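Working notes, structure below.
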Amino acid sequence: MFNNYGQSFQEQRMQQLMEQKQMRDFMRTYTNLIARCFGDCVDDFTSSKLSEKELTCSKRCTLKNMKFNERIGQRFGEESAKLMEDQARMTQ
């Protein structure tokens, strides 16, 4: 059975599973980022507000981790493209 876009039920289900996995991966990355930056930067619990030092550290930590994850994604995309090209050449 096909929907309006020509996708079979199996293709739709696979798409849903991939989206769920991407969301879980994103949430895991986000949770790890918060835990790491909080643990590394926040050490004064006598105030409800972050000190300037803690705030600066948190911003740097977050930016560094976001750039790191972006680079990993880029490399993964590059390697994935190479793998697909190699597979295409092997099937010819």
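Screening Arg89 on (1) out of contact with any helix residue (DSSP H, G or I) (no Cβ under 9 Å at 6 or more places or on another chain); (2) of a type outside the set (Ser, Thr, Tyr); (3) in contact (Cβ under 8 Å) with a residue 12 or more places away in the chain shows it passes everything except condition (3).
Ser58 meets all of the listed conditions (1) surrounded by fewer than 12 Cβ atoms within 10 Å (Cβ to Cβ); (2) among the polar types (S, T, N, Q); (3) more than 19 Å from Gln22 (Cα to Cα) but one, namely (1). For Gly39, the conditions (1) exposed (fewer than 10 other Cβ atoms within 10 Å of the Cβ); (2) at pLDDT 90 or above all hold with the exception of (1).
The values are calculated or read from the model by the stated rules, or taken from the named source; none is laboratory data. Quantities reported herein were computed from a predicted structural model and do not represent experimental measurements. Don't worry about glycine lacking a Cβ; one is built from the backbone with ideal geometry, like all the others, and counts go over all protein chains shown.
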